[in-house]
Amino acid sequence: MTRALCGKRSPCSWLVLGMSLILLTACQANAKEDGTVLTFSGSALGAEGTLLALQLERFMRENPDLHVRVLRTPEGATQRHQLYVQWLNARVGDPDVLQLDVVWTPEFAAAGWILPLDRFKPAVGDFFPATIEANSWAGKLYGLPWFVDVGLLYRRTDLVPREPRNLDDMVALARAAQSRRGGPRYGIVWQGARYEGLVTTFIEYLGAFGGRIIDDQGKVMLDSPEAVRALTFMRKTLYDDRIAPLDVLTWHEEEGRFAFQNGNAAFMRNWPYPYAAMNDTAQSRVAGKFTIGPMPAAPGGKSTAALGGNQLAINAYTEHADAAYRLIAYLTAPEQMLERAAEVGQYPSRRALFDDGRLSAALATPVEQARRAIESATPRPVTPIYTELSEILQIELHRALVRQAEPEAALRSAAMRINALVERTGMRELMSKKAP
Ligand code: GLC
C-alpha cells in the first residue's frame, strides 16, 4: 500500500512507514495500559496462518481486555524446538502460550518450563486418549491437544488410477506415472531432511515392514531385520527406483507440498494440513486432482501412520497464566476445531466431534476413516528424553540415506546409542508398556 501511494523508496514511503510504526507502537502501548498483552507462537503452514489470524481477531473482539501478539517461530519442528529451549532456558516469559509438538510435552514438563493445567479443570475425557496421554507427565496434564496429525499418502488421481496395494506396488505406480508423456518429475516426495519429520516418515516405513522403535519391555528394536528392511527400502526408492528425488534429503513438509502442488509428484507423504491449500485453484495446479489414503504396507507388516499433532501449553514464566488459559480454551473449543477442519483440513483432537454432523460437512476425508486413522496411529515414545533419542535416530537415518553408512550399521549404532541413553537416564521402566 505504501508503495502504491508513494512509489518505490520515495521520502513519502519512509514517512508513512515511520508513522505506521509509531501508530503500531502506540496501539501496543495502549493495549498494555488498558489490558493484558498475550504473546503466542503458532504455525502458519498451508492455510493455518490465515485461519489463526481470523480466530485471534475474533478472540480479541470477544475478550476486549486481552490483546494477542503472534511471535513467529521457524516452521520446522526441530528448529522451533531449539528456539523454545533457548527462550525457556533463559526463563523468558514470552510467548505466554506455546504451540508444542506432541513429543515435547514430557520434556518441557519435566524441565519445569510449562504449567500444569489441572487447576483449570479441562474436560480431558472429550479428547482422544492417546493425545491426553502424550500431554501428561507425572500424573498431571500440561498441554491441551489442539489438532491431531496422522501421516497420509497423497495421490494424483489423474496420474495414478488406484490406491497402491503394497509398497512395491506404490513404486510400480509411481514409475508408471513418471514415464507417462508429460508425467511428473518425481514419483514420491517425503520429509527427509535431518529433523523430526524424517523420524515420522521412517516410523511409517518401519511399521509397514512390521518393526517398531521400542518394544513393550522398553527395549530398543532399531537393529531388527524389519528396521533394516524398512531403511533399505527407503534408500532404494532414492537411488535404484529413482522415484524419490535426492532433494527430499533436505526437505521438510512445505518443500514436499510445493512440489506436489506444482504438479511435480505422483505421490506425497504428508500430514492433513496441505489438503485445503492444495485444493485452492489460486495457488495449486492440482486442485481437484488428488486424494488421500493410508501409506501402504509391505508383506508381513501393516499400513502405518505416525501420530503427530500440536498442543497448547502455558509458559511457566508467564505473568498471565489465567489469561493464557482463556486463549487456550478458546482455540481448542469445538467451534474453532470445526473451523480448522473446514479451512485447513486438520483433524480435531476432540473425539466427540467425530459424531457431529458438522465435522463430516467440514472434512474432505470420510469422518470414520479419519477417526480410524487417529485411533490406530503409531505414537512416538512418550518420554522426557525424546529429543535426545530422536536426534540420535535422525543422524543415523540420514547417514544411511546419504550413503555414508549402510542401513544395518547405521541402525545398529542408533540402537546402541539409544539403549545407552535409556540406561543412563534410568528411563527403561517408564518407557515400557508396564509403566503406570
Ligand atoms: C507435524 C506433526 C508433529 C511432527 C512434525 C514433524 O508438525 O504434528 O507431530 O513431529 O510434523 O515434522
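Worth pointing out:
- Shown here is the pair-distance distribution of segment 199-247: with all Cα-Cα distances grouped in 10 Å bins from zero up to the longest one, the shares run 27, 49, 19, 5 percent.
- Sorting TYR84, TYR186 by solvent-accessible area of protein heavy atoms yields TYR186, TYR84, largest first, with a 1.4 Å probe.
- Overall form of segment 47-183 per C-alpha gyration tensor (a/c, 1.5; a/b vs b/c): prolate
- The chain - Kirkwood radius from inverse mean 1/r over Cα pairs (Å): 23.0 Å
- Per-residue HN-Hα couplings for segment 57-64 [Karplus 6.51, -1.76, 1.60; θ = phi - 60°; Hz; x = Gly/Pro]: 4, 5, 4, 5, 5, 7, 10, x
- Note on SER360 and ASP247: their simple-model spin labels are 4.0 nm apart, each label 7 Å out from Cα toward Cβ.
- Tilt relative to the chain, helix 334-343 - C-alpha long axis, 0 to 90 degrees, to 10: 60 degrees
- Apolar share of the accessible surface for the chain: 53 percent from carbon plus sulfur atoms, 1.4 Å probe.
- Inter-label distance, nm, simple model (7 Å from Cα along the C-beta direction), ASN264/VAL85: 3.1 nm
- Per residue, segment 248-383 exposes an accessible area of 36 Å² to a 1.4 Å probe, with every protein chain left in place.
- Restricting the calculation to Cα atoms, every distinct pair contributes to the Kirkwood radius of segment 297-336, found to be 13.4 Å.
- Interchain or long-range residues, amide H under 5 Å from ALA298's placed H: LEU167, PHE209
- Segment 72-105: trypsin sites (Lys or Arg not before Pro) falling in loop per DSSP and having at most 13 other Cβ within 10 Å: ARG72, ARG91
- With the helix formula -39500 (n - 2.57) applied to DSSP H stretches of n ≥ 4, the chain reaches a computed 222 nm mean residue ellipticity of -14000 deg cm²/dmol.
- With N as its number of residues, segment 52-106 has a Cα radius of gyration that, divided by 2.2 N^0.38 Å, comes to 1.31.
- To the nearest ten degrees, helix 167-179 and the longest principal axis of the Cα atoms of the chain are 80 degrees apart.
- For the chain, the longest principal axis of the C-alpha atoms and the axis of helix 196-208 are separated by about 40°.
- FRET efficiency estimate (nearest 0.05) - Cβ-Cβ, LYS302 to ALA123, R0 35 angstrom: 0.60
- Residues with amide H under 5 Å from that of GLY309, placed H, sequence gap 5 or more: VAL102, ASP149
- Close amide-amide hydrogen proximity is noted between ARG69 and LEU38, THR39, PHE40, each under 5 Å apart and 5 or more residues distant or on a separate chain (H modeled in the peptide plane; Pro and chain starts excluded).
The values are calculated or read from the model by the stated rules, or taken from the named source; none is laboratory data. Bear in mind that the values here come from a model prediction, so they are computed numbers and not experimental data. Don't worry about glycine lacking a Cβ; one is built from the backbone with ideal geometry, like all the others, and counts go over all protein chains shown. Accessible surface areas use protein heavy atoms only, side chains included; no ligands, DNA or RNA. Shrake-Rupley method; radii C 1.70, N 1.55, O 1.52, S 1.80 Å.
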